[in-house]
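Shown next, in structure tokens, is the structure this report addresses.
Computed from the coordinates by the stated procedures, all read-outs in this text should not be read as laboratory data. Given the structure is predicted, the values throughout are model-derived calculations rather than measurements. Here the Cβ positions follow ideal geometry from the backbone for every residue, glycine too, while neighbour counts run over all protein chains shown.
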Amino acid sequence: EGLVELKEGEQLVFEYKAENVVIDGLKYSLLKTTHQALLAYQGSWDGDSQILNIPSEVEYEGEKYTVTSINESVFKTNNTITKIIIPKTIKNTGFGSLEGIVKNPFSSCLSLETIEVEDGNPAMCSIDGVLFNKDKTTLISYPAALPGKSYTVPDNVETVASGAFYSNQHLKNIVLPDKMETMGYSVFAICNSLEEVILPSNIKELPAYLFKDCKNLKSVAIPDGVTSIGSSAFEGCISLETISLPESV
């Protein structure tokens with residue numbers, strides 16, 4: 001938090017211990033030294049509200065904490081929430097990170113239809129319910145229950161984060177922009193309706209678990225220039241009939 005001047009013989013003590021608490025039905029990890037709160041993995045979900053407006057600040061034992069982070073897979077297997085609103089204070093998936101969210105924090109949130117981001121958030125934004133980083137070069141999360149059978153990723157997107165489309169229920173066709181060069185792992189895993197993905201021509205590697213358990217995927221054309229395919233990329237693709245492999249693999 002800045003420079004500390006010590007007197008001769010004075011000890012410098014660093015404390016980084018989080019306390020896990022429940023506030024208004026949500027689970028948080030609190031850092032008391034910096035008054036930060038991380039929205040933790042919720043496990044079982046007791047709430048019945050379909051809209052979750054994540055607070056920017058919580059209070060515990062008379063102290064206020066700024067909600068700055070979301071845990072990975074924070075609402076995994078949740079079947080209730082249809083809309084999530086992210087405040088401008090949240091920037092990352094862990095205390096102290098300055099890089100922003102790089103994985104889908106809402107994977108397997110099976111009823112989620114839309115994600116909104118409060119104006120002024122320095123790390124993220126939302127377009128038509130889809131979560132992107134601030135400059136729209138990374139697609140972070142495409143909600144699992146967002147209506148629509150096809151989606152074309154915007155041309156300015158350079159990478160799709162790990163698990164971005166994880167467990168989507170409706171999409172049959174996805175088109176990725178040609179200039180994209182990287183994708184995270186498990187990007188399309190358990191997309192049960194997915195039949196076709198147009199991969200970018202500039203991609204060099206297909207990451208692990210890319211199409212894992214895509215039970216309706218029928219064919220995949222791997223672009224020229226791809227040199228490697230990650231482990232279990234097509235595991236569980238029980239309808240897959242053809243894969244075209246370029247000589248570069």
Query raised in the report: Taking the mean number of other Cβ atoms within 10 Å as a proxy for protection, how do you rank 108-116, 5-13, 191-199 from highest to lowest?
Result: 108-116, 191-199, 5-13
Report task. Report the full-extension gain for the segment TYR41 to SER239: residue separation times 0.36 nm, less the Cα-Cα distance, to one decimal in nm. Result -> 67.9 nm
Query raised in the report: Between ILE86 and residues 5 or more places away or on another chain, which pairs have amide H atoms under 5 Å apart, with H built 1.01 Å from N, and which residues are they?
Result: GLU116, VAL117, GLU118
Requested in this report: Among the chymotrypsin sites (Phe, Trp or Tyr not before Pro) in the range 1-103, which ones are in a DSSP loop with at most 10 other Cβ atoms within 10 Å of the Cβ? Mind listing them?
Outcome: PHE14, TYR16
Query raised in the report: For the range 83-196, what are the per-bin percents of Cα-Cα distances with bins 5 Å wide, up to the bin holding the maximum?
Result: 2, 13, 24, 27, 20, 10, 4, 1
Query raised in the report: So, in Å, what gap is there between the alpha-carbon centers of the range 158-210 and the range 67-88?
Result: 22
Report summary line: Two pseudo-spin positions, 7 Å from Cα along C-beta at ASP178 and at THR227, lie apart in nanometres by 2.2
Report summary line: Taking 0.36 nm per residue of separation between GLU61 and THR80 and subtracting their Cα-Cα distance, the length gained on full extension comes to 3.9 nm
Requested in this report: Please report, in whole Å, how far the alpha carbons of the range 152-206 spread along each principal axis, starting with the longest.
Outcome: 27, 18, 16
Report task. Would you be so kind as to identify which of ALA37, THR93, VAL153 lies farthest towards the positive end of the dipole of the range 34-163, taking Lys and Arg as +1 and Asp and Glu as -1 on Cβ and the Cα centre as origin? Result -> VAL153
Query raised in the report: Rg and Dmax of the range 1-71, Cα atoms, in Å?
Result: 15.9, 57
Query raised in the report: Taking the Cα centre of the chain as origin and charging only Cβ (+1 Lys, Arg; -1 Asp, Glu), how large is the dipole, in debye to the nearest 20?
Result: 560
Query raised in the report: Want the number for VAL249 to ASN202: 0.36 nm per residue separation, take away the alpha-carbon distance, what's left?
Result: 15.6 nm
Requested in this report: Can you bin the chain into rounded, prolate or oblate? Criterion: square roots of the alpha carbon gyration tensor eigenvalues sorted a ≥ b ≥ c, rounded for a/c under 1.5, prolate for a/b above b/c, oblate for the rest.
Outcome: prolate
